[in-house]
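As structure tokens, the structure follows; a few thoughts come after it.
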Amino acid sequence: MGVKAALPKYELYCYYVILSMAMLWAASWIFDVSASNVNRKTFKSSIQPGWYYFGRKMDTADPEWMMWFCRFREHIVFALSGHVIFAKICSMLAPQYRSLVYMVYGLLAVLSTMGWTYVTLILSHCVLLYSISLVKLRWLCFAAGLTTLATFKMEPFVSWQAGFVTGNFELRHILFYGGCGFTIMRCMSFALENCEKKEGNYSILELLKYNFYLPFFYFGPIMTFDKFYIQANNPDLSRKEREMWNISMQAVLHLGVIIMVAIIFHFMYILTIPSDPKLLKHLSDWAVGGLAYLNLVYDWVKAAVMFGVINTISQLDHLDPPKPPKCITMLYVFSETHFDRGINDWLCKYVYNYLGGKHDNVLDELIASLCTFGVTALWLGPGWVVFIWAFLNCFGLNFELWMTKFFKTEPFVSIELAMSESMSRRIRAVFNTFNFWSIVLYNILALNSLDFAKLVAKRLLLKGFPLSTITAMIVTYCLVQIIKERERKQALINDPDPIPPPAPVAPPTPATAPATAAQMDATAAQPVDPSKEKAE
């Protein structure tokens, strides 16, 4: 009894109607608040002139989005266009050297942008970790890699290394940390893969090809070295049927999403309103809940677009990059709440799966998740918000395992076997409803602030009890059932075989899973294996 259990159509239609009405109602509240408070003094720093012909101002509270898609989009398009042109020429004339051309172009682009001292700094770290990888001791590679990563996250090492970069342009600070952080993660992947190589060693040239691939250099996503090495050195550059059409449609889709976000920023100030505590006190529970939800959806959209644009470029280079993150709307278990599949794949391959084995032992799972979230906290940069986020995520992930094992015991198995499949699915959805709001609250903690997360929890769970609480849970229950229906149809397409034996009712999960802060770049990289079976 699982994802293939069907519900009556009239019941699903009812869920769709309730969910649509609730979302439209919440959006209308936020739209009214945005229109009536556009000239507030607290909004002046983040609400800037926008589409003057519509008489609308624009929410510019997210500096990351404004930087990449407004102020510096011409520079980004120019750099990536050059990469595509050189890669295409090389693929036509000398495809066997294309990975070398990628490296040369990326190295020259980084050199012209950040200067030779920065390139020297990057090369020194590459040489250091390459030298250590020759020893072929995993623990030593890990220790050296994490120590090196810490030098870009802790003072006084950060300031000392940042002093090597000359120039004072606006992007310098961001490019410095992005390039250095991802370089260390790539070097660690190379070192660990070299440890697994039974005969000989990979050359340092392969490491440089891997590290200086420009589309991935500054902001990822991270493709583990074993995958990049095979794909970048594959001499067969033929394309599958309709592959170019799919790549073109992806590019058009990303452009459409960028336009959609611009429209939302002009009509609903979803990022600025949560920063005004006085205004939040006067908003309805629906408006507060809608703000929390839209903030999470926006963060997913931003990650999907930023990684999606890069992925489109890499697909033109005949690579298969990590997939975009799964939308927060489609999440109701901790095991899928990663916002960066590249980081997630890295953590799963080298930490989580390596230590956790089959993930069926409670102690092994606890050790694996603690180590994984420890690495994640170092990657994001030590801080109280990160530590709280990591602790709650780690607890939620293990709590799911504990409860799953608990509900696999008697009498719960017998009770579920006596139920109809549809009833089993409804009961699972009730538990998943609480899980969903746990994920929402922890994401809000990391994306906005502790104060906003406390306000949302207080409004929906305490002050708004019982009306707002019950209403929010009913709407969320409808959403979970719609997600399950989508998963059911997808499962039938992928596996049309008869329904497998039933599994026990999934556990109710605690208050829950966060996402990373926007300024944390590759945020919410969850340490969970995407192939791991989900607890429904």
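The values are calculated or read from the model by the stated rules, or taken from the named source; none is laboratory data. As the structure is a prediction and not an experimental result, all values here were calculated from the model. Positions of Cβ are backbone-derived with ideal geometry, glycine not excepted, and every protein chain shown enters the neighbour counts. Accessible surface areas use protein heavy atoms only, side chains included; no ligands, DNA or RNA. Shrake-Rupley method; radii C 1.70, N 1.55, O 1.52, S 1.80 Å.
General remarks:
- By the helix-only formula, in which each DSSP H run with n ≥ 4 contributes -39500 (n - 2.57) and the sum is divided by residues, the chain has a 222 nm mean residue ellipticity of -20500 deg cm²/dmol.
- Translational diffusion of the chain, µm² s⁻¹ [Kirkwood Rh, Cα pairs; Stokes-Einstein; 4 °C; 1.567 mPa s]: 52 µm²/s
- Shape call, the range 71-235: gyration tensor on alpha carbons, a/c limit 1.5: oblate
- Reachable aspartates and glutamates from K484, criterion Cα separation under 19 angstrom, eight or more residues apart if same chain: E11, E336, E400, E416, E421, D495, D497, E533, E536
- Counting 0.36 nm for each residue step from V135 to K198 and taking away their Cα separation leaves a gain of 21.4 nm.
- Among the listed pairs K136/K209; K302/K349; K281/K323; K349/K458; K88/K323, those beyond 28 Å (Cα-Cα): K281/K323; K349/K458
- Surface analysis of the chain yields an accessible area of 46 Å² per residue, using protein heavy atoms and a 1.4 Å probe.
- Global form of the range 3-74, assessed from the alpha-carbon gyration tensor, a/c cut-off 1.5: prolate
- Estimated FRET transfer efficiency (K358, L253; beta-carbon r; R0 41 Å; 0.05): 0.65
- Sorted peptide list for 332-343, 469-480, criterion being average Cβ within 10 angstrom, highest first: 332-343, 469-480
- Sulfur and carbon atoms: percent of accessible area, the chain [1.4 Å]: 69 percent
- Stretched out straight at 0.36 nm per residue, the stretch from S284 to Y10 would grow longer than its current Cα-Cα span by 95.5 nm.
- 16 Å Cα-Cα reach of K405 towards lysines, excluding residues that sit fewer than 8 places from it in its own chain: K358, K532, K534
- Whether the range 1-125 is rounded, prolate or oblate, judged on the alpha carbon gyration tensor where a/c under 1.5 counts as rounded: oblate
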